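Trainee: Dropping a structure here in structure tokens format, bear with me for questions.
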Amino acid sequence: MNQNSNLSRRNFLKSSATIGTIGAVGAVGGIPLLSSCSSEERKKKGEELKLPQLLDQAPDGPVLKAGLVGCGGRGTGAAIDFLNSGPNLQIVALGDVFQDKIDACRDLLKKEKNVEIPDENCFVGFDSYEKVLDSGIDVVLLCTPPHFRPAHVEAAVNARKHIFMEKPVAVDPTGVRRVIAAVKRAQSLKLNVISGTIRRSQKDYMETRRRVLNGEIGDITGAHIIRNGGALWFRSRRPEWSDMEYMLRNWVNFCWLSGDHITEQFIHEIDVMNWYLGKYPIKASGWGGRQRRVTGDQYDFFSIEYLYDNGMRTHCAARQIDGCSNGKVEQINCTNGYADAAGKLYDLNGNIIWEYPNTENNSNPEWSVTNPFVQEHINLVSAIRTGNTINDGEDQAYSTLVTIMGRVAAYTGKDVTWDEILNADIYLGPRTYTMGTVEGIVEAPPLAGVQHSE
């Protein structure tokens, strides 16, 4: 389905449905939420948050065999991070749609970790994920462009495999719902699921959040979230490439494959906001556009305001344009101050009142922060080997949906409510995959609103 024409007709409004109100211990569409009572009330109830123990290496145990689906840079990095997370861990199978990606991954695994993947365990094609799942593995690392994540997660759960799934977990509401159903089934099967939103596994972020939710600077009143950086990579089309090969090799620039950068990249910062707030917005309003991007059909800047059931508002903005001021802001506003989620608390006058210790100048192991890209795999392997099941799949599916909600608001220029986006029938991309023509996807950004005629 062509996303641009679909959204211009606002088809997603047709399938909206009423959902539950966000309450003190309420839910949105059945989502369990943090209590919305104040930090003082939580203290009185003995609900102060404590940090879980974070191991710097997974415990030893029987060999765990993992397969990698999606052998690009991030996938290869995830495979190395998995191998670095503990003893007796193996990468034994690779899958991708391109042979050159598999070859590069094999070369780097050999160079970095002295791991050799035999030819018979390297699978090429759109069905390569099925062959990886059937190769005798215990764990699968899902690192393809996120359009494919819902189908791959579903297949991995059906195959009874533990899962690492890179962020985001979908590009449209149809995919989000599919992932939610799959990870709920994974829970019933005692399968472990970990997602690639690394901040929830990063100790300095975790400790800062613990202090905020325990009331050290009062109650949360809103958030200001920014990620401004340079343009991402792109690939110009080659004459020998079909539509599909061009889009796949240039996937971060096509919305049906990546979800646009508000979903593919900015999800990290929006997930931090959701993690603090413990609830999801009831409406999104926003805008965006494209000034410098040279390929694909995406925007290169977004500005979104999210509204919550209690009247609270948050602002989230992101930009990917070279030659501009860059910076990241993850500010959580509270009644008595504000937090930099990366490790600082301020009073209302802007004075730092607490800061996470600089680990380079502090030898106390209590404050050491393990590389979060490795820590998430440590947590996964530890859960498998101890039997203490972990599954963050729903959290990440709903964070993905919050980014999609903002994207649709910007693309259409219309306010979008939570129940509309949760139940929308939007599906991006083709229904079948071949290395040939891709119908209905125009390499041009969506246009919000209507043009006045003279």
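Trainee: Quick one: in the range 64-76, of everything that is within 21 Å of ALA383 (Cβ to Cβ) and not aliphatic (A, V, I, L, M), which residue is nearest to the chain's Cα centre (by Cα)?
Mentor: Ranking the candidates gives GLY67 first.
Trainee: Checking CYS122 against (1) closer than 24 Å to ILE378 by Cα; (2) in contact with a Gly (Cβ under 9 Å, 6 or more places away or on another chain), only one condition comes out false. Which one?
Mentor: Of (1) closer than 24 Å to ILE378 by Cα; (2) in contact with a Gly (Cβ under 9 Å, 6 or more places away or on another chain), only one is false for CYS122: (1).
Trainee: OK, next. Taking helices (runs of 4 or more DSSP H) that do not extend beyond the range 371-454, which have at least 1 residues that are at pLDDT 95 or above, in contact with a strand residue (DSSP E or B) (Cβ under 9 Å, 6 or more places away or on another chain) and among the basic types (Lys, Arg)?
Mentor: Working: elements: 372-386, 393-412, 418-423.
The helices (runs of 4 or more DSSP H) meeting that bar are 372-386, 393-412.
Trainee: Continuing with the same structure: Select from the range 287-299 the residues that are assigned to a loop (DSSP other than H, G, I, E, B) and not β-branched (Val, Ile, Thr) and write down the one among them that is most open to solvent (accessible area, probe 1.4 Å).
Mentor: Of the range 287-299, the ones assigned to a loop (DSSP other than H, G, I, E, B) are 290-299.
After this cut, where a residue has to be not β-branched (Val, Ile, Thr) as well, the list is 290-293, 296-299.
Values: ARG290: 68, GLN291: 137, ARG292: 170, ARG293: 35, GLY296: 0, ASP297: 10, GLN298: 0, TYR299: 8 Å².
Within the range 287-299, the match that is most open to solvent (accessible area, probe 1.4 Å) is ARG292.
Trainee: Further question: Quick one: would you say ASP415 is open to solvent by less than 40 Å² (accessible area, probe 1.4 Å) and closer than 27 Å to ARG177 by Cα? Break it down stepwise before answering.
Mentor: Details: open to solvent by less than 40 Å² (accessible area, probe 1.4 Å): no; closer than 27 Å to ARG177 by Cα: yes.
No: the conditions fail for ASP415.
Trainee: Just to be sure I understand, how many residues within the range 229-286 are open to solvent by less than 10 Å² (accessible area, probe 1.4 Å), under 25 Å from ARG431 (Cα atoms), outside any helix (DSSP H, G or I) and in contact (Cβ under 8 Å) with a residue 60 or more places away in the chain?
Mentor: Looking only at that region, the number is 3.
Trainee: Let me ask something else about it. Looking at (1) crowded, with 20+ Cβ neighbours inside 10 Å; (2) in contact with a Gly (Cβ under 8 Å, 6 or more places away or on another chain); (3) within 19 Å of LEU55 (Cβ to Cβ), can you tell me which one ARG385 breaks?
Mentor: (1)
Trainee: Still on this structure, I have one more. Could you please give the count of residues in the range 91-131 that are among the acidic types (Asp, Glu) and open to solvent by less than 40 Å² (accessible area, probe 1.4 Å)?
Mentor: 1
Trainee: Assess whether THR208 counts as being open to solvent by less than 50 Å² (accessible area, probe 1.4 Å), under 28 Å from PHE301 (Cα atoms) and in a helix (DSSP H, G or I).
Mentor: Values: open to solvent by less than 50 Å² (accessible area, probe 1.4 Å): yes; under 28 Å from PHE301 (Cα atoms): no; in a helix (DSSP H, G or I): yes.
So THR208 fails the test.
Trainee: Take the residues in the range 307-366 that are assigned to a loop (DSSP other than H, G, I, E, B) and touching a helix residue (DSSP H, G or I) at 6+ places or on another chain (Cβ under 7 Å), then tell me which one is nearest to ALA410 (Cα to Cα).
Mentor: By that ranking, first place goes to ALA341.
Trainee: Restricting to the range 292-333, count the residues that are modelled with pLDDT under 95 and in contact with a Phe, Trp or Tyr (Cβ under 7 Å, 6 or more places away or on another chain).
Mentor: Residues in the range 292-333 being modelled with pLDDT under 95 and in contact with a Phe, Trp or Tyr (Cβ under 7 Å, 6 or more places away or on another chain): 1 in total.
Trainee: Hey, another quick one. Answer with yes or no whether VAL442 is open to solvent by 70 Å² or more (accessible area, probe 1.4 Å) and among the aliphatic types (A, V, I, L, M).
Mentor: Considered against the rule, which asks whether it is open to solvent by 70 Å² or more (accessible area, probe 1.4 Å) and among the aliphatic types (A, V, I, L, M), VAL442 comes out as yes.
Trainee: Which of the following residues is open to solvent by less than 50 Å² (accessible area, probe 1.4 Å) and either at pLDDT 50 or above or closer than 30 Å to THR386 by Cα (or both): GLY77, GLY73? Walk me through it before giving the result.
Mentor: Values: GLY73 fails: open to solvent by less than 50 Å² (accessible area, probe 1.4 Å).
Only one candidate qualifies: GLY77.
Trainee: Considering only residues that are within 19 Å of ASN253 (Cβ to Cβ) and open to solvent by 10 Å² or more (accessible area, probe 1.4 Å), which ones fall in the range 300-319?
Mentor: PHE301, ARG319 - these are the residues of the range 300-319 that are within 19 Å of ASN253 (Cβ to Cβ) and open to solvent by 10 Å² or more (accessible area, probe 1.4 Å).
Trainee: Still on this structure, please answer the following. Here is a list of conditions, (1) under 19 Å from the mean Cα position of the chain (by Cα); (2) under 28 Å from LYS161 (Cβ atoms); (3) of a type outside the set (S, T, N, Q), and LYS190 meets all of them except one; can you say which number that is?
Mentor: LYS190 satisfies all of (1) under 19 Å from the mean Cα position of the chain (by Cα); (2) under 28 Å from LYS161 (Cβ atoms); (3) of a type outside the set (S, T, N, Q) except (1).
The values are calculated or read from the model by the stated rules, or taken from the named source; none is laboratory data. This structure is a prediction, so every number in the text was calculated from the model and none was measured. As a convention, Cβ positions derive from the backbone with ideal geometry for all residues, glycine included, and neighbour counts pool all protein chains shown. These area figures cover heavy atoms from the full protein model, side chains too; ligands, DNA and RNA do not enter into them. Shrake-Rupley method; radii C 1.70, N 1.55, O 1.52, S 1.80 Å.
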